[in-house]
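Structure, as structure tokens:
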Amino acid sequence: MSKLSKIVSLALAAAVSFAATSCATAGDGNGSIESKRRSVLLVWKPTGDYINYAGPSVAAVGLGDISVSVGDGPVWTNIEKKNKPVSFYCDKEQIAKLARTAFSGFYKAADAKYRLNIDVTSFTVTEANMYNGMVTVNLSLADSNGATLWSGTDEGECKRWGRSLSADNFNEAVGSCLSNIVLKSLKDYPELQKYFR
């Protein structure tokens with residue numbers, strides 16, 4: 001083999017090794033390695049109950065801070081093949097944006113006397129023949145000085161049928177969870193609702 005051929009062969013081997021290292025991500029602790037980190041784009045898909053809600057308006061409460069305290073794990077995992085789970089990820093900025101979109105449908109007072117702060121603490125969908133969603137948020141109402149007037153924790157759950165590994169069905173699941181949470185905040189907490197007007 002000529003000197004030039006050896007150089008080309010070594011360069012190709014290095015490129016293949018680098019590509020393999022770049023594509024592989026950390027395993028799950030059981031020796032499995034995911035060859036590619038799959039991403040999912042969050043899209044707001046509210047439920048019919050959310051869209052058609054005709055209850056009392058929120059005139060004095062606007063949105064405050066939106067934070068996300070979830071871990072770095074997947075937001076969507078398909079476990080239909082027990083030995084080959086398929087996981088999808090998204091960044092926390094997407095989750096915060098989706099939560100803001102969900103709540104801003106009703107909490108949109110421009111010069112609000114009060115602010116509703118939201119911290120998303122869990123955000124997951126597990127797919128096993130059905131889409132099983134769970135979203136948990138901490139809510140707190142603050143006055144113009146930042147003093148907390150009310151706080152609470154709420155969960156939104158859903159179980160939905162749908163085609164396997166469908167981003168649309170995943171987004172409908174998390175949309176259903178967030179829709180449930182927003183609607184409960186509008187009608188299920190008298191101590192919060194007394195500040196609405």
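Values quoted throughout were computed directly from the atomic coordinates according to the rules given, and no laboratory measurement underlies them. Everything numeric here is computed off the predicted structure, so don't read it as measured data. Ideal geometry is used to build each Cβ from the backbone, glycine not excepted, and the neighbour counts take in all protein chains shown.
Quick look at the numbers
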| item | result |
| --- | --- |
| Sequence ranges 187-193, 117-123, ranked by mean other-Cβ count within 10 angstrom, highest first | 117-123, 187-193 |
| Where Rh is the Kirkwood radius over Cα pairs, Rg/Rh for segment 140-197 | 1.16 |
| Met134 paired with Lys81, simple spin-label distance in nm, labels 7 Å along Cα-to-beta-carbon | 2.6 |
| Across Lys45/Lys187; Lys45/Lys184; Lys113/Lys159; Lys84/Lys159; Lys36/Lys108, pairs whose alpha-carbon gap is larger than 28 Å | Lys113/Lys159; Lys36/Lys108 |
| Stretch gain in nm, segment Ser164-Arg37, where the contour uses 0.36 nm per residue and the Cα spacing is subtracted | 43.9 nm |
| Segments 151-164, 56-69 sorted - mean Cβ within 10 Å per residue, highest first | 56-69, 151-164 |
| Three-way shape label, segment 95-139, alpha-carbon gyration tensor, a/c 1.5 | prolate |
| Mean separation of Cα contacts under 8 Å, 6 or more apart, over the residue count of segment 112-197: relative contact order % | 26 |
| Compactness index (Cα Rg / 2.2 N^0.38 Å), segment 25-153 | 1.28 |
| Between segment 103-181 and segment 38-65, the alpha-carbon center distance in angstrom | 8 |
| Amide proton proximity set for Tyr89, modelled H, under 5 Å, gap of 5+ | Arg38, Ser39, Val40, Val75 |
